[in-house]
Structure formats: C-alpha cells, structure tokens
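The values are calculated or read from the model by the stated rules, or taken from the named source; none is laboratory data. Because the structure is predicted, anything quoted here is derived from the model rather than measured. Positions of Cβ are generated from backbone atoms using ideal geometry, with glycine treated the same way; all protein chains shown enter the neighbour counts. Protein only, heavy atoms only, side chains kept; ligands, DNA and RNA dropped before computing areas. Shrake-Rupley method; radii C 1.70, N 1.55, O 1.52, S 1.80 Å.
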Amino acid sequence: MKLKVVIHPAEEGGFWAEVPAIAGCATQGETMEELLTNIYEAVDACLSVDLEEIEIGENDKVLEIAV
C-alpha cells in the first residue's frame with residue numbers, strides 16, 4: 001500500500017505530518033528521521049482495529065490482507 005504524507009515545518013522547530021487518506025492520522029518529529037519513524041507508527045495505530053470491540057458471529061471469518 002502506498003500513502004501520500006504531507007510534511008509541514010513546525011513553528012517551534014522540527015516537522016509535523018498528516019496522512020490525508022486516513023482521517024485524524026498525524027504526527028510530529030524533531031528531525032526528518034524521527035518524523036519518518038513516527039509516521040509509520042501513526043499509520044499502524046490509525047489502521048489497527050481491536051477485534052475484541054467488534055461482534056464476530058460463529059459463522060464469520062477474520063482475514064488479514066496486505067494491499
């Protein structure tokens with residue numbers, strides 16, 4: 001999967017970034033390297049789903065796919 005990330009300079013220094021395809025997915029970092037690490041963590045967190053909060057019936061199946 002490829003996602004576009006918009007990177008902005010932060011007024012107080014460093015950078016902040018947002019992922020427009022995922023509502024509310026944003027992060028920040030003092031350096032570009034830190035920002036890139038944080039972007040991957042933010043996307044993972046935004047796309048993670050806790051299956052315990054979803055009602056799954058006995059005839060339902062859960063699949064994990066890569067896109």
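The mean accessible area for residues of the chain, using a 1.4 Å probe and ignoring ligands and nucleic acids, is 86 Å² per residue.
To put it simply, the accessible area of the chain at a 1.4 Å probe is 53 percent carbon and sulfur.
At 222 nm, what value in deg cm²/dmol follows for the chain if DSSP H runs of at least 4 each add -39500 (n - 2.57) and the sum is divided by all its residues, to the nearest 500?
Rounded to the nearest 500, the figure is -8000 deg cm²/dmol.
Using Cβ point charges alone (K and R +1, D and E -1), the dipole size of the chain about the Cα centre works out to roughly 460 debye.
Once Rg and the Kirkwood radius are both taken over the C-alpha atoms of the chain, their ratio Rg/Rh works out to 1.14.
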